[in-house]
Each structure stands twice: as structure tokens, then as C-alpha cells.
Amino acid sequence: MERQWWHQKTAYQIYPKSFYDSNGDGIGDIQGIIEKLDYLQELGVDILWISPMYLSPCADQGYDIADYYQIDPRFGTMEDMVRLLEEAKKRGLYVLMDLVVNHCSDEHSWFRKACQDPDGAYGQYFYLAEKKDGRLPCNWRSYFGGPVWEPLPGSEDRYYLHVFDKKQPDLNWENPRLRREIEDMINWWLDKGLAGFRIDAIINIKKPLPFTDYPADREDGLCDMGEVLKHADGIGEFLGELRDRCFRPHKAFTVGEVFNLPPGALADFMGDNGYFSSIFDFRQTEEGKSAKGWYDNRTPTPDDYKRCCFESQRKADGIGYLSNIIENHDEPRGVSHYLPKEGRHEKGKKLLAAMYFLLKGLPFIYQGQELGMENPVYQSITQIDDVGSRDEYRRCLEVGCSESQALEVVSHYTRDNGRTPFQWDASEHAGFTKGTPWLAVSSDYRTINAASQIGNGDSVFSFYQKLIRLRKDETWKETILYGETVPYREEEPNLMAYLRQGEDQTILVLGNFSGEEKRVPFPAMGEKEASLLLSNDQAEIGANEAVLSPWQCMVIGFRRQPE
Ligand code: GLC
Ligand code: CA
């Protein structure tokens with residue numbers, strides 16, 4: 001694996017609508033991000049991925065783009081965006097935007113023109129088809145529920161394809177003219193000074209054609225897109241073009257959101273000559289998820305969590321550098337999902353932080369994660385805004401859950417969990433806005449907020465600062481960045497332990513996911529001496545073992561003492 005400048009960085013995801021509102025309209029904005037750059041610098045992160053801010057009717061929170069060349073007025077103006085890039089640069093921060101090109105919005109001019117003249121050039125930008133024998137062209141189920149086909153407005157007999165919401169028509173990547181438009185747009189943004197992109201839902205751009213039915217997996221007669229995509233072949237042609245015509249000439253950093261990766265394709269996607277610089281590791285976020293719907297999901301245990309992390313580390317070894325997360329804007333808060341209730345306190349949150357952060361790869365922090373933000377508590381389904389969640393709620397009721405059971409399920413998995421406003425301080429609306437926030441602030445903001453944690457050496461925030469600093473530590477960084485991940489005492493329940501094996505030093509990462517003390521003998525280290533690099537508690541390390549208190553983590557470095 002070739003070494004890259006970004007390997008030594010730490011990345012941070014901003015969900016702009018909920019980060020900081022500078023003008024009191026209840027919606028976070030670009031000026032708000034600019035005002036908080038110093039905060040991000042204090043935390044110590046280097047790369048910022050900002051979720052979409054392009055012109056959008058916001059049917060799916062900006063993941064439905066009406067104009068790729070414009071900033072949505074709710075977030076600000078293009079001048080604001082340019083200023084953000086300048087201000088970021090001054091602070092040595094790199095900015096990634098979100099590249100959403102599997103689909104656009106039904107309010108994009110391309111789609112409008114396609115509706116006006118389905119047989120014209122813009123009709124070819126989308127997938128339009130007619131019914132066959134009175135049936136929809138195929139039985140695929142959209143990710144947000146229901147068939148992927150919707151009648152084309154203004155047309156008698158034609159339908160358009162949308163694998164997400166019906167306000168997100170899929171773009172026809174088979175059409176070279178569409179691909180050239182997308183490339184021009186990407187290059188235009190990279191020329192403005194972006195460091196690169198996070199690339200949305202990209203595996204969906206290649207459809208298995210011609211449209212045909214696959215075996216139905218529910219009573220609705222439809223087939224899950226995950227299954228459908230297994231039959232698609234040849235995405236490499238499209239992605240190779242993007243790499244060669246856009247990303248590589250700009251030396252852009254790109255991280256792909258890639259679900260359902262075909263087996264054996266990891267090197268093609270993120271190897272030295274891969275389509276992307278990196279891809280997110282979603283192995284643990286996928287664990288326990290059921291194709292039947294959220295009602296059938298199972299929350300992973302700490303042992304599941306560790307198994308998933310190790311599995312991904314093994315797969316990526318020698319191939320490339322994964323991007324590691326515990327949450328994002330589509331997932332429950334990591335601390336609410338991976339920590340059992342008894343461990344959901346500051347100590348446990350630091351433990352989880354250390355465990356994923358020190359795996360090999362590029363760590364991403366999702367806004368609020370550095371404060372230990374948790375899933376909010378919902379009283380009613382009406383408090384939930386996300387498009388996908390409503391269908392899952394219906395689905396729960398359909399399979400016989402009571403309303404309160406359905407609310408419990410949806411409360412755990414709704415994408416709104418990560419989307420509530422950032423908790424800046426203990427003032428009204430957590431200091432996020434002077435107006436009324438677009439989505440209610442979580443009720444725990446008086447105890448969990450940035451103001452109470454910054455400068456407090458014991459806070460979750462400070463712990464993240466220490467992790468970020470450790471990644472840059474001159475003595476240990478070579479091993480933290482490139483040491484092989486070797487699982488240790490893998491079979492021991494509720495212990496997550498691994499080595500990062502360097503050439504002449506080793507780092508041992510230990511995490512006790514239980515309410516009992518654990519004694520962990522050290523592996524044989526020859527002449528090397530142990531030193532404690534980080535812990536979330538008072539730490540006792542003996543010559544040959546560590547004693548971990550409940551929910552304690554320790555990061556122990558081994559090396560020969562310099563003469
Ligand atoms: C990605 C985004 C998600 C969005 C979807 C459709 O999964 O992360 O938020 O709904 O793509 O663009
Ligand atoms: Ca605003």
C-alpha cells in the first residue's frame with residue numbers, strides 16, 4: 001500500500017442543517033460552520049466532510065439536488081462557500097463535499113425537461129419505461145419503501161425509476177452525455193479548491209439491465225435493492241472514468257459510501273489504483289440489520305462489534321486504508337447502539353472511542369460524537385422527520401407491533417438520531433439557534449454539551465482530543481498509522497483487544513466491555529518495555545499484565561528503551 005498525505009489525518013463529518021445556525025432561522029448554515037472552525041481546530045481534526053448544501057427541495061435533507069452548481073439559500077450563498085474554503089485553508093483544514101450523483105431531484109431542470117419531452121435528449125438522462133402487460137417494468141423495492149417506479153409527470157404511459165424517494169429520480173449512467181455532465185460538474189468543484197468528496201450511494205449507479213423481476217422477498221411482491229444489485233455488472237467502467245478524468249488529475253481525496261460491495265472487489269475500490277482513496281467500513285453498522293425491516297433488527301453485542309471490526313481489518317490488510325466510523329447521519333448514535341445500557345456513561349463512551357479510533361484506517365468523527373451525544377428520546381412518531389423512518393413505522397404496525405413497540409423500534413433506528421441539533425451549551429435550544437430549531441434539540445443538552453466539556457480534562461471531548469493527538473505523536477504515529485492490526489485473546493467475552501504491530505514497537509489496545517474487573521496478561525514482548533499512552537481511568541500496569549476496571553480501556557505502547 002502506498003503512503004498518502006491523508007493517512008495521518010483525522011476526519012470530521014458536519015451535518016450542516018444541524019451544526020450551527022448563525023442567523024436565527026432555525027437551520028444551520030455555512031456562516032455557522034465558519035464561526036465554528038476554531039472549535040474544530042481545537043478538537044484537532046483536519047478533514048471536514050460536509051453533507052450536501054446544494055440547491056435542494058430537501059425531500060431527503062439535501063440528498064435530492066436541484067442544481068449542482070448552486071448553494072441552497074437556506075445554507076447561504078456561493079460567496080459564503082468560497083469564504084468557508086478560504087477560512088478552512090487558513091487553518092490547514094481540508095474540505096470535502098458530498099457527491100450525490102446516483103440521482104438528482106425531480107425539481108432539477110434535467111428532470112423537468114425529461115417530463116416535457118421524454119423522447120428528447122433529457123429523457124435519456126433518466127430511466128424511463130412503460131408497463132409490461134399492465135405491470136411495472138420490474139419488481140424492485142426502493143430503499144425508502146414501495147416500488148422504484150413512479151408515473152412520469154405529464155406522461156400517459158411512462159414511469160421513471162427511483163431507488164430512493166420518488167423525489168430522487170435515478171440518473172442514467174449508461175448515457176455518456178450524462179457522464180460527461182457529471183464529470184464537468186465534479187471538476188468545476190475541485191477547481192474551486194475542494195480537497196475531494198464523500199461519494200453517496202455510489203454502488204447504485206450500475207443497474208442490471210434490461211429491467212427484470214427478481215424473486216420477491218416480502219408479501220408486497222417486491223425485491224430488495226441489495227439483492228438486485230448483485231446482478232449488476234460493470235460499474236468499474238463508470239468509476240474508472242471518474243477516477244481518471246476527475247479525481248486523479250486533481251489529486252482529490254475521495255471516500256465512497258459503498259454498500260453491497262461485490263466479493264473480492266475491495267482492491268478495485270480502494271487499492272493503490274482504486275476508484276476511490278478509501279471507502280467507509282460499514283461492517284458493524286450492518287450487523288444485526290434484517291432485510292425484513294427494522295422491526296426484525298437485532299442490536300449488536302460488544303462481541304459482535306469486535307468480530308465485525310476485526311473482520312474488516314483483516315479484509316483490508318495490505319489492500320488499502322479503510323475509513324472507520326461508529327456513526328453518521330444515517331445511523332443511530334454509536335454510543336446508543338454499540339454500548340449496552342450499563343456502559344452508556346462517559347467512561348464507556350471513551351472506551352468505544354478508543355476501540356474504533358485506533359484501528360488501522362482513517363477515523364471519522366460525526367458531529368456531536370466527540371461530546372458523547374446519544375439518541376434522543378421520542379414521545380411520538382410525529383417528532384420524527386426522516387423520510388425512510390415513516391415507512392419503517394408503517395412496516396412495524398403491518399407485522400403486528402403495537403404503536404408503542406413500533407415507536408421503540410423506530411426510535412432506535414431512525415436517521416433523525418444523528419440529526420438533532422449540535423449541543424453547544426446549556427442555554428435554550430442548546431445554543432444551536434436563537435430561533436426555533438428545524439428539529440427539536442435532544443432533552444439531554446443540559447448535561448451533554450460542548451461548553452461544559454471543553455477545557456475539562458476528564459470530558460469525552462478531551463478524550464477525543466487526546467486520541468487525535470496520539471495519532472500525530474512522533475514516537476508512536478508510524479505504528480498507529482501503519483502497524484498491522486492483530487486481534488488478541490479474541491475469544492474472551494466482553495474483551496476487545498488488539499495489537500498494532502509495528503517494526504520495532506507494538507501498541508496494545510485493551511477494552512473491557514463489562515461491569516467486572518478483568519486481568520489481561522501481556523503477550524510476549526521480548527526486551528520491549530510497556531508504557532501507558534492513554535486510558536479512561538486510573539491505570540495499573542504491571543510488568544506482565546494490565547488490570548482493567550469495569551468499562552476501562554488502556555492503550556499501552558511497547559518499545560525498547562532508547563540507550
Ligand atoms: C446515502 C445518504 C443518505 C441518503 C441516500 C440517498 O445513503 O447517506 O442520507 O438518504 O444516500 O442519497
Ligand atoms: Ca440559518
Open item on the list: Please go through segment 289-327 and give me each residue that is crowded, with 20+ Cβ neighbours inside 10 Å, out of contact with any Ser or Thr (no Cβ under 8 Å at 6 or more places or on another chain) and polar (S, T, N, Q), ordered by number.
Closed with: Ser312, Asn324
Task: Test: residue in segment 56-66 that is in contact with a Phe, Trp or Tyr (Cβ under 7 Å, 6 or more places away or on another chain) and within 12 Å of ligand 2 (Cβ to nearest atom) - done: no
Task: Residues of segment 425-434 satisfying the condition of being open to solvent by 20 Å² or more (accessible area, probe 1.4 Å) and assigned to a loop (DSSP other than H, G, I, E, B) - done: Asp425, Ala426, Ser427, Lys434
Task: Test set (1) crowded, with 21+ Cβ neighbours inside 10 Å; (2) within 15 Å of ligand 2 (Cβ to nearest atom) - Val100 fails condition number - done: (2)
Open item on the list: Within segment 149-182, take every residue that is surrounded by 18 or more Cβ atoms within 10 Å (Cβ to Cβ), part of a loop (DSSP other than H, G, I, E, B) and without any contact (Cβ under 8 Å) to a residue 60 or more places away in the chain and give me the one that is nearest to ligand 1 (Cβ to nearest atom).
Closed with: His162
TODO: Quick one: Arg135 ticks every box in (1) at pLDDT 95 or above; (2) under 23 Å from the mean Cα position of the chain (by Cα) except a single one, so which number is it?
DONE: (2)
Task: Residue tally, condition open to solvent by 40 Å² or more (accessible area, probe 1.4 Å), under 22 Å from Tyr305 (Cα atoms) and in a strand (DSSP E or B), over segment 502-546 - done: 1
Open item on the list: With the structure loaded, tell me whether Tyr338 is modelled with pLDDT of 95 or more, aromatic (Phe, Trp, Tyr) and open to solvent by 10 Å² or more (accessible area, probe 1.4 Å) or whether it fails that test.
Closed with: no
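Results for (1) away from ligand 2 (no atom under 15 Å from the Cβ); (2) more than 25 Å from Lys166 (Cβ to Cβ), shown as yes or no for each residue.
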| position | (1), (2) |
| --- | --- |
| Trp5 | yes, yes |
| Ile34 | no, yes |
| Asp46 | yes, yes |
| Pro52 | yes, no |
TODO: State which residue is least open to solvent (accessible area, probe 1.4 Å) when the search covers only segment 34-60 and only residues that are more than 16 Å from His108 (Cβ to Cβ) and of a type in the set (S, T, N, Q).
DONE: Ser51
Task: Residue in segment 106-117 that is within 16 Å of ligand 2 (Cβ to nearest atom) and either buried (at least 18 other Cβ atoms within 10 Å of the Cβ) or of a type in the set (A, V, I, L, M, F, W, C) (or both) present - done: no
Task: Criterion: modelled with pLDDT under 95 and open to solvent by less than 30 Å² (accessible area, probe 1.4 Å) - qualifying residue of Gly388, Gly418, Gly483 - done: Gly388
- [ ] Kindly indicate whether Gly26 is open to solvent by less than 10 Å² (accessible area, probe 1.4 Å), within 13 Å of ligand 2 (Cβ to nearest atom) and modelled with pLDDT of 95 or more.
- [x] yes
Open item on the list: Can you list the strands (runs of 3 or more DSSP E) lying wholly within segment 1-94 that have 3 or more residues being more than 28 Å from Ile182 (Cα to Cα)?
Closed with: none
Open item on the list: Quick test for you: out of Glu398, Glu478, Glu490, Glu474, pick the one residue that is open to solvent by 50 Å² or more (accessible area, probe 1.4 Å) and touching a Lys or Arg at 6+ places or on another chain (Cβ under 9 Å).
Closed with: Glu490
TODO: Report, by residue number, each residue of segment 307-348 that is outside any helix (DSSP H, G or I) and away from ligand 1 (no atom under 16 Å from the Cβ).
DONE: Asp317, Gly318, Ile319, Gly320, Tyr321, Leu322, Asn324, Leu339, Pro340, Arg344, His345
Task: Residues that are open to solvent by 20 Å² or more (accessible area, probe 1.4 Å) and part of a strand (DSSP E or B), drawn from segment 548-563 - done: Arg559
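The values are calculated or read from the model by the stated rules, or taken from the named source; none is laboratory data. All of these numbers come straight from a predicted model, not from anything done at the bench. When we count neighbours, we look across all protein chains shown, and the Cβ atoms used for this are built from the backbone with ideal geometry, even at glycine. Calculation scope for accessible area: heavy atoms of the full protein, side chains included, ligands and nucleic acids excluded. Shrake-Rupley method; radii C 1.70, N 1.55, O 1.52, S 1.80 Å.
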